[in-house]
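First the structure, which I've put down as structure tokens, then a few questions once you've had a look.
The values are calculated or read from the model by the stated rules, or taken from the named source; none is laboratory data. Remember, predicted model here, so these are calculated numbers, not experimental data. A quick note on method: Cβ atoms are made from the backbone with ideal geometry, for glycine too, and the neighbour counts reach across all protein chains shown.
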């Protein structure tokens, strides 16, 4: 079987695994106080070219989103998110379980053919209307959440990021960027948003590791000291702190050595575009124009069966009708060219 369902099916990059083995018996302090975490944080600060950057390490994306939002939101506040945002559709109500409503906004009448972005115009109109109404019976927007890339693999441009950042500043709201798949955005030829841009225009963002070559882990970056008050205590209270913090720090220390974080993801983007091209040659349409590691073609049941019969698996994103679905193909840092060739040959049977 060739699995194209997810981008975390394998373990980790060899460079990380080798370093874990090499340092296995080295004693270190716990709870992020070890030298590996300190070294990784310095390398991340340098990569972001940010004078102030408070870096924290947690195990996974949902845990990270919840810990950040539980820290920065007041009890009566919610978080503005794209309708397809991960916190809205893929976290089993984790944010709501903490007492904070997800205020989901949609740019499209037809959600199926959406890139999953949050339009600056839609955001500003929503926040302006809320402020004008000033109804204290309603949930107050307390933060804005987006992801780079989006859940549909699309990229925010630098101009879009600046617009959203400006709107957030206008309404005095923090901008929080989910970077669970950030390496694939940074590795894409179509991307013009850098780590420096994220540090400059966002209040909080995180650098994903779990889907980007590490065994597990996300590096949370606060770009100023306005929103990180008590973050360590919130994480401890919620059981989010890993006692063996070295396991996180070491992985990010390796990822941020010799630009490995971006370099290791370039092939994933190249392979994803090869898959995209193979589908396009057969006249297959996509729901989003993705240049990262996720592709979302519209396939008939017959076409899906051809792929399945050749041992190729993928995710069903959503149903179009009784005969057609939107499906998702993921590549990753671990994807092999032979697997891509096999998929290309199978697509040619359509």
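Give the residues of the stretch 55-79 that are touching a strand residue (DSSP E or B) at 6+ places or on another chain (Cβ under 7 Å) and either in a helix (DSSP H, G or I) or surrounded by fewer than 19 Cβ atoms within 10 Å (Cβ to Cβ) (or both), sorted by residue number.
60, 61, 64, 65, 67, 68, 69, 72, 74, 76, 77
Separate question: Got a number for residues in the stretch 1-34 being touching a helix residue (DSSP H, G or I) at 6+ places or on another chain (Cβ under 6 Å) and exposed (fewer than 12 other Cβ atoms within 10 Å of the Cβ)?
Within the stretch 1-34, residues that are touching a helix residue (DSSP H, G or I) at 6+ places or on another chain (Cβ under 6 Å) and exposed (fewer than 12 other Cβ atoms within 10 Å of the Cβ) number 0.
Let me ask another. Output yes when any residue across the stretch 138-150 is more than 18 Å from the chain's Cα centre (by Cα), surrounded by fewer than 23 Cβ atoms within 10 Å (Cβ to Cβ), in contact (Cβ under 8 Å) with a residue 12 or more places away in the chain and part of a loop (DSSP other than H, G, I, E, B), and no when none is.
Yes, some residue in the stretch 138-150 is more than 18 Å from the chain's Cα centre (by Cα), surrounded by fewer than 23 Cβ atoms within 10 Å (Cβ to Cβ), in contact (Cβ under 8 Å) with a residue 12 or more places away in the chain and part of a loop (DSSP other than H, G, I, E, B).
Which members of the stretch 171-205 meet the condition of being in contact (Cβ under 8 Å) with a residue 40 or more places away in the chain, within 19 Å of residue 224 (Cβ to Cβ), out of contact with any helix residue (DSSP H, G or I) (no Cβ under 7 Å at 6 or more places or on another chain) and surrounded by fewer than 20 Cβ atoms within 10 Å (Cβ to Cβ)?
200
For residues that are surrounded by fewer than 21 Cβ atoms within 10 Å (Cβ to Cβ) and in contact with a helix residue (DSSP H, G or I) (Cβ under 7 Å, 6 or more places away or on another chain), scanning just the stretch 105-126, find the one that is nearest to residue 69 (Cα to Cα).
Only one residue fits best here, namely 105.
Are any residues in the stretch 80-93 outside any helix (DSSP H, G or I), without any contact (Cβ under 8 Å) to a residue 60 or more places away in the chain and surrounded by 14 or more Cβ atoms within 10 Å (Cβ to Cβ), and if so, which ones?
83, 91
Residues checked against (1) within 23 Å of residue 152 (Cα to Cα); (2) in contact with a helix residue (DSSP H, G or I) (Cβ under 9 Å, 6 or more places away or on another chain); (3) at pLDDT 95 or above; (4) part of a loop (DSSP other than H, G, I, E, B):
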residue: 253; (1), (2), (3), (4): no, yes, yes, no
residue: 261; (1), (2), (3), (4): yes, yes, yes, no
residue: 264; (1), (2), (3), (4): yes, yes, yes, no
residue: 273; (1), (2), (3), (4): yes, no, yes, no
residue: 280; (1), (2), (3), (4): yes, no, yes, no
residue: 291; (1), (2), (3), (4): yes, yes, yes, yes
residue: 299; (1), (2), (3), (4): yes, yes, yes, no
residue: 304; (1), (2), (3), (4): yes, no, yes, no
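Before we move on, is residue 96 without any contact (Cβ under 8 Å) to a residue 12 or more places away in the chain, over 17 Å from the mean Cα position of the chain (by Cα) and under 30 Å from residue 325 (Cα atoms)? Outline the logic, then answer.
Values: without any contact (Cβ under 8 Å) to a residue 12 or more places away in the chain: yes; over 17 Å from the mean Cα position of the chain (by Cα): yes; under 30 Å from residue 325 (Cα atoms): yes.
Yes; evaluated as a whole, the condition is true for this residue.
May I ask you to verify whether residue 37 is part of a loop (DSSP other than H, G, I, E, B), in contact with a helix residue (DSSP H, G or I) (Cβ under 7 Å, 6 or more places away or on another chain) and in contact (Cβ under 8 Å) with a residue 24 or more places away in the chain?
No: the conditions fail for residue 37.
Conditions (1) touching a strand residue (DSSP E or B) at 6+ places or on another chain (Cβ under 8 Å); (2) within 15 Å of residue 343 (Cβ to Cβ), marked per residue:
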position: 259; (1), (2): no, no
position: 264; (1), (2): no, no
position: 267; (1), (2): no, yes
position: 271; (1), (2): no, yes
position: 283; (1), (2): no, no
position: 292; (1), (2): no, no
position: 302; (1), (2): no, no
position: 316; (1), (2): yes, no
position: 319; (1), (2): yes, no
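Between 242, 247, which is touching a residue at least 24 places away in the same chain (Cβ under 8 Å) and not in a helix (DSSP H, G or I)?
Values: 247 fails: not in a helix (DSSP H, G or I).
So the residue among 242, 247 that is touching a residue at least 24 places away in the same chain (Cβ under 8 Å) and not in a helix (DSSP H, G or I) is 242.
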